[in-house]
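Structure, as structure tokens:
The values are calculated or read from the model by the stated rules, or taken from the named source; none is laboratory data. Predicted, not measured: the structure shown is a model, and the values here were computed from it. Positions of Cβ are backbone-derived with ideal geometry, glycine not excepted, and every protein chain shown enters the neighbour counts.
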Amino acid sequence: MNGQPPLLPAGPGTVLDARAVLNGTVDMRTYRRKYLVIYAQPRRGLAWDAGLLKANHDGNLSILASCIEWLDTYFGWELVSVFTRQVDKYYIHHAMLRRR
């Protein structure tokens, strides 16, 4: 055993956490749908002041962009759209992709 948790199949849902995709928790080889939505959101349970909210926002965009590039390079996913929604004072970034 290498101490890593087993890979979870990518699905049945079409919305996946970008961190889970990047850290290998989700096995993208098992994802069979044509469309995919990935999201990046702030870590929960932390109290953020105004400075940390800005850093957290930028970090989430960076994670989302990295995940989009990784999915494009290794699995042939094409970016369709990116959007952000606000929940309370936090921002959740989404990217919609389609398989080429």
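Quick test for you: out of 96, 1, pick the one residue that is at pLDDT 85 or above and not basic (Lys, Arg). Within the list 96, 1, the selection yields 96.
Restricting segment 9-19 to residues that are small (Gly, Ala, Ser) and more than 17 Å from residue 73 (Cα to Cα), the residue that is modelled with the lowest pLDDT is 11.
Of the residues making up segment 45-64, at least one is in a helix (DSSP H, G or I), at pLDDT 85 or above, of a type outside the set (Ser, Thr, Tyr) and out of contact with any Phe, Trp or Tyr (no Cβ under 8 Å at 6 or more places or on another chain).
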